[in-house]
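Following: one structure in structure tokens, then a few remarks.
The values are calculated or read from the model by the stated rules, or taken from the named source; none is laboratory data. All values derive from a computational prediction rather than experimental measurement. We place every Cβ from the backbone using ideal geometry, glycine too, and count neighbours over all the protein chains shown. Heads up: the accessible areas ignore ligands, DNA and RNA and are worked out on the full protein's heavy atoms, side chains in. Shrake-Rupley method; radii C 1.70, N 1.55, O 1.52, S 1.80 Å.
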Amino acid sequence: MAGKHLHSSFSSRERPIYTSPIIIIVLSLLTISSIFFFFSSSSSSTSSLSSKSSFSISNPNPNFEYSFVDSLENFLTNKLPKHTKDDTVSFADDEAIMKLDDLIWKTENDRVYGDLSYPAASVPLRVYVYEMPSKFTYDLLWLFRNTYKQTSNLTSNGSPVHRLIEQHSIDYWLWADLIAPESKRLLKNVIRVHKQDEADLFYIPFFTTISYFLMDKLEWKPLYREVLKWVTDQPAWKRSGGRDHILPVHHPWSFKSVRRHMKTAIWLLPDMDSTGNWYKPGQVYLEKDVILPYVSNVDFCGTDCLRENESKRSTLLFFRGRLKRNAGGKIRSQLVAELSGVDGVVIEEGTAGEAGKAAAQNGMRTSLFCLSPAGDTPSSARLFDAIVSGCIPVIVSDELELPFEGIIDYRKIAVFVSSSDALRSSWLVSHLKSYSPSEIKKKQKFLAKYSRHFLYSNPAQPLGPEDLTWRMIAGKLVNIKLHIRRSQRAVQGSRNLCTCECRVSNSSLQSPLL
């Protein structure tokens, strides 16, 4: 208080003015020193923070559901959405089809003249979700939920059925987000509409993978035919020939008996096997379909986990999984023969259950590179397990198509190796050893950044796989409308339909222009 009293005892004219040169020099030196100390400290703090924050993605939000089993349990027991009145019908005659076509034309016409960016930037996408009978939707989800503990139920190649369904549960994640109340949704690039004439696209909420693996053949075959008839009887399907319909068929065995009748729809796929084992020529191609990632088998490794394991990655190359596969996956056994016993390489036969998951997860988190060879099809869940584990994928699958390519540059996070090179004696290990520590660190940082694109969740998050799915589909919308209009006005007998059925394969390799 004395200081305050002293300060107030001077008037503005009575305050002393110090003009001594020595005092001025001392004050200047102190000021310069303070400035230097401030910037030095800031630089040091920034450098320290930078060294600690090698990885930029945060851990998953605890308020979100990332487990299919947990999310489904909550969905079925607590969150069943209230029924909303839509205009789905059971059958449509020619008059109903023409009426819908006129209404859709009016909606599109209003948008063309009212929004100068439409349809090139048709955001948000307007999606109509069919109100299908419960035997196609909720009953199948309950079937999975009520039989989940029967983990001894295996497929012909030894995979636990329920775990396999989880890997391919993209149909659940997309549907659960679409039908959630708009107030609880985070995605802004897609909305659900309840009138067909307002829709850009139509979503078919049928669980093809659950029905295939949890129903007897005598049950799912007639069920598939019922679904086919129900969907193709809809006026929107008849109007467009199904070109603006979205069909999730994420397991290549599912819906196989009838899907040829719905090949014009946009299929949501794990890959595009071109051998003819899973998809016939003309059924799948990049111009209309979308590749979606598997749901990973292992837990997500976030910022803290990546930092903790950064110094533990002592294994050069790791693989744990089925060592023998059919069809396109035969390269696995050849790679095992080539890599077995090599220093720095761990190759293990996979096992089911929590112990198997823990072993795979630990191996990926303590390795620099993770081998991702083809499975029975060109794709494998191993790729996405590696990504969310911070392990650089080594992709040995010549015909692989990747999710969201065009948005994501996989060269930043993965090593691509041809099958012929991978099987050359000692070549693969030498190639991986040629990567410098700085190159490895760079890929690891991009892995940390990109891993969020492969985390399905409820609610769906911006930049998650659900979000990127709609971004990819939005890019196809103009072409979809083009083919719908052309098919509607084509003269009978003309070669009116531009398709890619002439393509021999879905190889990413460039071929000469014809």
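So Leu103 fits all but one of (1) surrounded by 14 or more Cβ atoms within 10 Å (Cβ to Cβ); (2) at pLDDT 90 or above; (3) assigned to a helix (DSSP H, G or I); what number is the exception?
Result: Leu103 fails condition (2) only.
Select, from Val346, Val295, the only residue that is open to solvent by 10 Å² or more (accessible area, probe 1.4 Å), of a type in the set (Val, Ile, Thr) and in a loop (DSSP other than H, G, I, E, B).
After ruling out the rest, the residue left standing is Val295.
Is there a residue in region 326-336 that is of a type in the set (Val, Ile, Thr), under 22 Å from the mean Cα position of the chain (by Cα), under 26 Å from Asp271 (Cβ atoms) and buried (at least 17 other Cβ atoms within 10 Å of the Cβ)?
no
Would you mind stating whether Gly375 is on the phi > 0 side of the Ramachandran plot and not acidic (Asp, Glu)?
For Gly375, the condition - on the phi > 0 side of the Ramachandran plot and not acidic (Asp, Glu) - is not met.
Only residues that are out of contact with any Ser or Thr (no Cβ under 9 Å at 6 or more places or on another chain) and open to solvent by less than 20 Å² (accessible area, probe 1.4 Å): list them for region 466-483, please.
Matches in region 466-483: Asp467, Leu468, Thr469, Trp470, Ile473.
In region 484-514, which residue that is among the β-branched types (Val, Ile, Thr) and surrounded by 13 or more Cβ atoms within 10 Å (Cβ to Cβ) is modelled with the lowest pLDDT?
Ranking the qualifying residues of region 484-514, first place goes to Thr499.
Of the residues that sit in region 227-272 and are of a type in the set (Ser, Thr, Tyr) and more than 21 Å from Gln196 (Cα to Cα), which one is surrounded by the most Cβ atoms within 10 Å (Cβ to Cβ)?
By that ranking, first place goes to Ser254.
Of the residues in region 186-216, how many are open to solvent by less than 10 Å² (accessible area, probe 1.4 Å), out of contact with any Lys or Arg (no Cβ under 9 Å at 6 or more places or on another chain) and under 18 Å from Trp173 (Cβ atoms)?
Counting residues in region 186-216 that are open to solvent by less than 10 Å² (accessible area, probe 1.4 Å), out of contact with any Lys or Arg (no Cβ under 9 Å at 6 or more places or on another chain) and under 18 Å from Trp173 (Cβ atoms) gives 8.
So, of the residues in region 349-368 that are part of a strand (DSSP E or B) and modelled with pLDDT of 95 or more, which turns out to be nearest to Val161 (Cα to Cα)?
For region 349-368, the residue satisfying everything is Ser367.
From Ser340, Ser380, Ser389, Ser372, which residue is touching a Cys at 6+ places or on another chain (Cβ under 7 Å) and either polar (S, T, N, Q) or free of Cβ contacts under 8 Å to residues at least 40 places away in the same chain (or both)?
Answer to the check: Ser389.
Pull out all pairs, ordered by first then second residue, where Cβ-Cβ is under 6 Å, the residues are six or more apart or on different chains, the first lies in region 445-470 and is more than 17 Å from Tyr66 (Cα to Cα), and the second is open to solvent by 30 Å² or more (accessible area, probe 1.4 Å) and assigned to a helix (DSSP H, G or I).
Filtered contacts from region 445-470: Phe446/Lys412.
Taking the condition of being modelled with pLDDT under 95 and part of a loop (DSSP other than H, G, I, E, B), how many residues in region 418-438 meet it?
Here the count works out to 5.
Of all residues in region 439-457, count the ones that are open to solvent by 20 Å² or more (accessible area, probe 1.4 Å) and either of a type in the set (Phe, Trp, Tyr) or not in a helix (DSSP H, G or I) (or both).
Summing the residues that are open to solvent by 20 Å² or more (accessible area, probe 1.4 Å) and either of a type in the set (Phe, Trp, Tyr) or not in a helix (DSSP H, G or I) (or both) in region 439-457 gives 3.
Looking at region 473-496, I want the residues that are in a helix (DSSP H, G or I) and have a partner that is open to solvent by 30 Å² or more (accessible area, probe 1.4 Å) and modelled with pLDDT of 90 or more with Cβ atoms under 6 Å, at least 6 apart or on another chain. Which pairs are those?
Ile480/Arg243; His483/Arg243; Ile484/Arg243
Any residue that is modelled with pLDDT of 95 or more, open to solvent by 30 Å² or more (accessible area, probe 1.4 Å) and not in a helix (DSSP H, G or I) - is there at least one of those in region 369-392?
No, region 369-392 contains no residue that is modelled with pLDDT of 95 or more, open to solvent by 30 Å² or more (accessible area, probe 1.4 Å) and not in a helix (DSSP H, G or I).
Hey, among the residues in region 273-292 that are closer than 18 Å to Asp171 by Cβ and aromatic (Phe, Trp, Tyr), which one's most open to solvent (accessible area, probe 1.4 Å)?
Among them, the one singled out is Trp278.
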